[in-house]
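Undergrad: Take a look at the following structure, please.
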Amino acid sequence: MRTLGLGMAVAAVLATPVAAQSGAPLEGRVGKLESEMRAVQRKVFPGGAGQMVEPQISPTIAPTTPEGVPATSALTDLTARVTSLEQQMATMTGQIEQAQHRLRQLEDQFAAFRKDTDARLNAVPAAAGPGASGTGGPVAAGDTGVTVPTAPAPVRGASKPAVEPVVAGIDKPSGGDPAEDAYTYGYRLWSAKKYAEAETQLKKVVADYPKHRRASFAQNLLGRAYLDDGKPSLASIAFYDNYKKFPDGERAPDSLYYLGSALMKLNKPADACKVYGELGDVYGDKISAEMKADVARARVAAKCK
């Protein structure tokens, strides 16, 4: 009897860790499912405070087990939780797939609608015909259902559109060469000390006529306008750009000379001396005697060695 009692005691002691070990993998499985469930719910309800999908199956409440009966309520509860989570995951996955399917259908419908609309709009000019706009009213584009308004018929005696505005007191030339006229107008603005207007005009000349000989003139004069307007930093950039963009331009040597002047205003005599040296090396045999004399005086002022 003592041996039997001792054996039962040992069996009871050994049963406890075994039950705990059997529940451990299930507990890990539950934790994993619950973390995945929270991740899916964050994806479905981004930023939603407390919005959760309720499980369709709730865990059953285990009946109270009288004392002395082996406890199985923990294992039953874990099993019910796992089953509920698995079914909830399956339901939510199905809902996501359905939503994605509906989204694809909407995208296909919108693409078809846009294609049909583009086809109708492209058919409007041909359907309208050449003489359809004589009355100035709307023109129906065939049977496409799209109505395109037409421009009103011109009124006799109506004034012509106003000419591009010019600065008061500065005549805008009209000599037949648009690039030449545009540069001349910018030069007149600069001569009249309308520096802001001159800067805008000269930039436009360079942008509109980069292949014209006046592009080098305009870029150089833009730097001089900045310099006269008290903007030596912008002036140095404009002069340097003229030297780099139009090295063979007629005003490239002038831009190097005035670049040195701009650097002197920026209190950079060492850099100015480098520029004067570059001017002599690149254009020494092309510049006039007057400019050579100006460069010599500028080198003395900058204390170039």
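The numbers here are math on the coordinates, done by the rules we state, and not lab data. This one's a predicted model, so the numbers in the text were calculated from it and none came from an experiment. Cβ atoms come from the backbone with ideal geometry, glycine included; neighbour counts cover every protein chain shown.
Undergrad: Give me the net charge of A198's neighbourhood, meaning all other residues with Cβ under 12 Å from the Cβ of A198; Lys, Arg count +1, Asp, Glu -1.
TA: Net local charge, A198 excluded: +2.
Undergrad: Further question: Given R₀ = 45 Å, what would the calculated FRET efficiency be for L78 paired with R102, taking r from the Cβ atoms and rounding to 0.05?
TA: 0.80
Undergrad: Continuing with this model, one more query. State the extension gain, in nm to one decimal, for the chain segment bounded by A296 and A119, taking 0.36 nm per residue of separation less the distance between their alpha-carbons.
TA: 56.6 nm
Undergrad: Using only Cα atoms, what is the ratio of the radius of gyration of segment 74-117 to 2.2 N^0.38 Å?
TA: Computed over Cα atoms of segment 74-117, the ratio equals 2.07.
Undergrad: Follow-up question, since we're still on this one. Residue by residue through segment 196-212, which ³J(HN,Hα) values in whole Hz follow from phi under the Karplus form 6.51 cos²θ - 1.76 cosθ + 1.60 (θ = phi - 60°), with glycine and proline marked x?
TA: 4, 5, 5, 4, 5, 5, 5, 4, 5, 4, 5, 6, 7, 10, x, 8, 7
Undergrad: Taking segment 178-301, how much of its Cα-Cα pair set, in percent, is spaced more than 18 angstrom apart?
TA: 50
Undergrad: In nm, give the distance between the simple-model label positions of R29 and T200, each being 7 Å from the Cα along the Cα-to-Cβ direction.
TA: So the two model labels end up 7.8 nm from each other.
Undergrad: Testing the spin-label approximation: label points 7 Å from Cα along Cα→Cβ at A90 and R38. State their distance in nm.
TA: The answer from the label model is 2.5 nm.
Undergrad: Something else: Considering only the other residues whose Cβ falls under 9 Å of the Cβ of A235, what net charge follows from Lys and Arg at +1 and Asp and Glu at -1?
TA: That works out to +1.
Undergrad: For segment 77-82, just list the computed ³J(HN,Hα) in residue order, Karplus coefficients 6.51, -1.76 and 1.60, θ = phi - 60°, integers in Hz, with x standing in for Gly and Pro.
TA: Working through the residues one at a time gives 5, 4, 5, 5, 5, 4 Hz.
Undergrad: If you count, for each residue, the other Cβ atoms within 10 Å and average over each peptide, how do 193-203, 28-38 line up from highest to lowest?
TA: 193-203, 28-38
Undergrad: Filter the cross-link list K194/K245; K265/K292; K194/K292; K211/K286 down to pairs whose alpha-carbon distance in this structure exceeds 28 Å.
TA: K194/K292
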